[in-house]
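Chemist: Encoded as C-alpha cells, here's the structure I'll be asking about.
The values are calculated or read from the model by the stated rules, or taken from the named source; none is laboratory data. What you see is a predicted model, and the numbers here were worked out from it, not measured in a lab. Note: ideal-geometry Cβ built from the backbone for every residue, glycine included; neighbour counts use all protein chains shown.
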Amino acid sequence: MSTSTRLPSILLVGCGKMGGAMLDGWLACGLPPSAVIDRHRDTLPAPHVLVPSLGDLPASFQPDVIVLAVKPQKADAVLETLARRFARATLLSVMAGRSIASLSRVYSQAATDTAPVFIRAMPNTPSTLGAGMTGLYASPDATPEQKQHCDSLMRAVGQTVWVDTEQQIDAVTGISGSGPAYVFLLAELLEKAGVEQGLPQATARTLARATLYGAGQMLHSLPTDAAELRRNVTSPGGTTAEALGVLMASDAWPASTSQAVAAAVRRAGELAG
Ligand SMILES: NC(=O)c1ccc[n+]([C@@H]2O[C@H](COP(=O)([O-])OP(=O)(O)OC[C@H]3O[C@@H](n4cnc5c(N)ncnc54)[C@H](OP(=O)(O)O)[C@@H]3O)[C@@H](O)[C@H]2O)c1
C-alpha cells in the first residue's frame, strides 16, 4: 500500500525485524533524507545516512520524527542519548509495553529543558510488504501535525487505526502486533496435519500456505463478515462441519484464542512495569 501524503524525515533507532520491515516499506515510498542507526546493515541508498551509533550522526541532522524500534529493555540508554541531542522531538515508539509515562520520565531525567512528544504505534511485520496493521495512540500534548506525520509513516506500510486510551495499545499488541505469529502457527499446524494424512511435506506446505493466502485475500477484499464466509464453506453434515465441530468446541479455539490474546496483553502490561 502506498500513500500520496509526503512522508516526514526520520531518524530510525533500531533496525531489526520490525524496524527493518518498516524501513523497507518507507524506502519504497520515497522517504525524504533520513538517518538510520544500525550496526548490522552495510548500506542504505542515497540520500539517506547510515551510522553505527547516535554519536556518529551529522551535527546538523534534525528529523521530523524519531522512530524507536529497539527492544523495550534497551530503550533507556537510547532515550538518555537522544535527550542530550534532541531537546524538542516527536518520538514514535513501536516498543511493546513501554508506556509514554516511563519513556517521558527517562527522557526528562536525562537532560533538563526537554519537551519530547511521544506517540506509540504497534505495527506488525507484514509492514515489510506494505500489508501492515498499526494501532496508534498519541499523548494529549501531540499536535495534529505530529499525529499526521506518524500516521503517514505507518500508512505507508499498511493500514492504521487510532485508539482512545494508551491501555488499548496493549490489546492491539495482542491482536495484530503478535497476530502474524498466530497465523504462521496455523500454517505450521495445517502442514503437519497434511503430512499426518499421508500428503508429501511439500504438497501439504503448498496447500496450507495457499489456503491461508486465499482466505486472507477474501477477508481483505470482501465486506462479508468472517462468520458468513465460514458458513459459506460449511455444508450441513459435510466435511468442514465435522472439522469445525472439533475446532469450535468451547474448550478448543474459542477458549484458547481468548486465553492466548489475554496472555499477550498481560505480558505487554508486565513489560510496561
Ligand atoms: N517483531 C515484531 O513482530 C514486532 C511487532 C510489533 C512491535 N515490535 C517492537 O519492535 C521492537 C523491536 O523488536 P524486533 O523484533 O525488531 O527486535 P530486534 O530484531 O532484536 O531488533 C532490535 C534492533 O535494535 C538494535 N539496537 C539495540 N540497541 C540499539 C542502539 N542503542 N542503537 C541502535 N540500534 C540498537 C538491535 O541491534 P543489536 O542486535 O546489535 O542489539 C536490533 O537490530 C520491540 O520493542 C518490539 O516490542 C516488534
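Chemist: If I filter the range 96-107 down to residues being of a type in the set (Gly, Ala, Ser) and closer than 20 Å to Gly14 by Cβ, which single residue comes out as farthest from the ligand (Cβ to nearest atom)? I'd like the intermediate steps shown before the answer.
Modeler: First, the residues of the range 96-107 that are of a type in the set (Gly, Ala, Ser): 96-97, 99, 101-102, 104.
Of the ones still in play, those that are also closer than 20 Å to Gly14 by Cβ are 96-97, 99, 102, 104.
Numbers: Ala96: 3, Gly97: 7, Ser99: 13, Ser102: 13, Ser104: 17 Å.
Step by step, filter the range 96-107, then rank; the result is Ser104.
Chemist: Now for a separate question. What number of residues in the range 130-152 are part of a helix (DSSP H, G or I) and either without any contact (Cβ under 8 Å) to a residue 12 or more places away in the chain or polar (S, T, N, Q) (or both)? Walk me through it before giving the result.
Modeler: The first filter runs over the range 130-152 and keeps only residues part of a helix (DSSP H, G or I), leaving 144-152.
Of the ones still in play, those that are also either without any contact (Cβ under 8 Å) to a residue 12 or more places away in the chain or polar (S, T, N, Q) (or both) are 144-146, 148, 152.
So the count comes out to 5.
To keep it simple, each residue is scored yes or no on (1) away from the ligand (no atom under 13 Å from the Cβ); (2) crowded, with 19+ Cβ neighbours inside 10 Å; (3) at pLDDT 95 or above; (4) of a type outside the set (S, T, N, Q).
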{"position": "Thr128", "(1), (2), (3), (4)": "no, yes, no, no"}
{"position": "Met133", "(1), (2), (3), (4)": "no, yes, yes, yes"}
{"position": "Tyr137", "(1), (2), (3), (4)": "yes, yes, yes, yes"}
{"position": "Pro140", "(1), (2), (3), (4)": "yes, no, no, yes"}
{"position": "Thr143", "(1), (2), (3), (4)": "yes, no, yes, no"}
{"position": "Lys147", "(1), (2), (3), (4)": "yes, no, yes, yes"}
{"position": "Gly174", "(1), (2), (3), (4)": "no, yes, yes, yes"}
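Chemist: Related question: Counting only residues that are within 16 Å of the ligand (Cβ to nearest atom) and either outside any helix (DSSP H, G or I) or under 30 Å from Ser178 (Cβ atoms) (or both), how many does the range 108-125 have? If you could, list the steps in order and put the result at the bottom.
Modeler: Taking the range 108-125 as the starting set, the residues that turn out to be within 16 Å of the ligand (Cβ to nearest atom) are 110, 118-125.
Imposing the further condition that a residue be either outside any helix (DSSP H, G or I) or under 30 Å from Ser178 (Cβ atoms) (or both) reduces the set to 118-125.
Of the residues in the range 108-125, 8 are within 16 Å of the ligand (Cβ to nearest atom) and either outside any helix (DSSP H, G or I) or under 30 Å from Ser178 (Cβ atoms) (or both).
Chemist: Report yes if Pro45 is over 20 Å from the mean Cα position of the chain (by Cα), more than 10 Å from the ligand (Cβ to nearest atom) and exposed (fewer than 12 other Cβ atoms within 10 Å of the Cβ), otherwise no.
Modeler: Numbers: over 20 Å from the mean Cα position of the chain (by Cα): yes; more than 10 Å from the ligand (Cβ to nearest atom): yes; exposed (fewer than 12 other Cβ atoms within 10 Å of the Cβ): yes.
When the stated conditions are applied, Pro45 passes them.
Chemist: Turning to a different aspect of this structure: Of all residues in the range 149-172, which are crowded, with 19+ Cβ neighbours inside 10 Å, within 23 Å of Val265 (Cβ to Cβ) and among the aliphatic types (A, V, I, L, M)?
Modeler: Met154, Ile169, Ala171, Val172, listed by residue number.
Chemist: Quick one: count up the residues across the range 158-173 that are in a helix (DSSP H, G or I) and either within 25 Å of Ala28 (Cα to Cα) or touching a residue at least 24 places away in the same chain (Cβ under 8 Å) (or both). Even if it seems obvious, please write down each step before you answer.
Modeler: Applying the first criterion (in a helix (DSSP H, G or I)) to the range 158-173 yields 167-173.
Narrowing further to those that are either within 25 Å of Ala28 (Cα to Cα) or touching a residue at least 24 places away in the same chain (Cβ under 8 Å) (or both): 168-173.
Qualifying residue count, the range 158-173: 6.
Chemist: Give the range 67-95 a look and list any residue that's within 9 Å of the ligand (Cβ to nearest atom) and surrounded by 16 or more Cβ atoms within 10 Å (Cβ to Cβ), or say none. Step through it out loud before you land on a result.
Modeler: Going through the range 67-95, the residues within 9 Å of the ligand (Cβ to nearest atom) turn out to be 68-75, 77-78, 81, 93-95.
Correct list: Leu68, Ala69, Val70, Pro72, Ala75, Val78, Thr81, Ser93, Val94, Met95.
Chemist: While we're looking at this one, here's another question. Quick test for you: out of Gly238, Gly214, pick the one residue that is exposed (fewer than 13 other Cβ atoms within 10 Å of the Cβ) and more than 25 Å from Gly135 (Cα to Cα).
Modeler: Details: Gly214 fails: more than 25 Å from Gly135 (Cα to Cα).
Matching residue, one of Gly238, Gly214: Gly238.
Chemist: Mind listing just one residue for me: the one in the range 36-93 that is without any contact (Cβ under 8 Å) to a residue 60 or more places away in the chain and of a type in the set (Ser, Thr, Tyr) and, of those, nearest to Thr125 (Cα to Cα)?
Modeler: It comes out as Ser93.
Chemist: Of the conditions (1) acidic (Asp, Glu); (2) within 16 Å of the ligand (Cβ to nearest atom); (3) under 22 Å from the mean Cα position of the chain (by Cα), Asp64 satisfies every one except a single condition; which number is it?
Modeler: Of (1) acidic (Asp, Glu); (2) within 16 Å of the ligand (Cβ to nearest atom); (3) under 22 Å from the mean Cα position of the chain (by Cα), only one is false for Asp64: (2).
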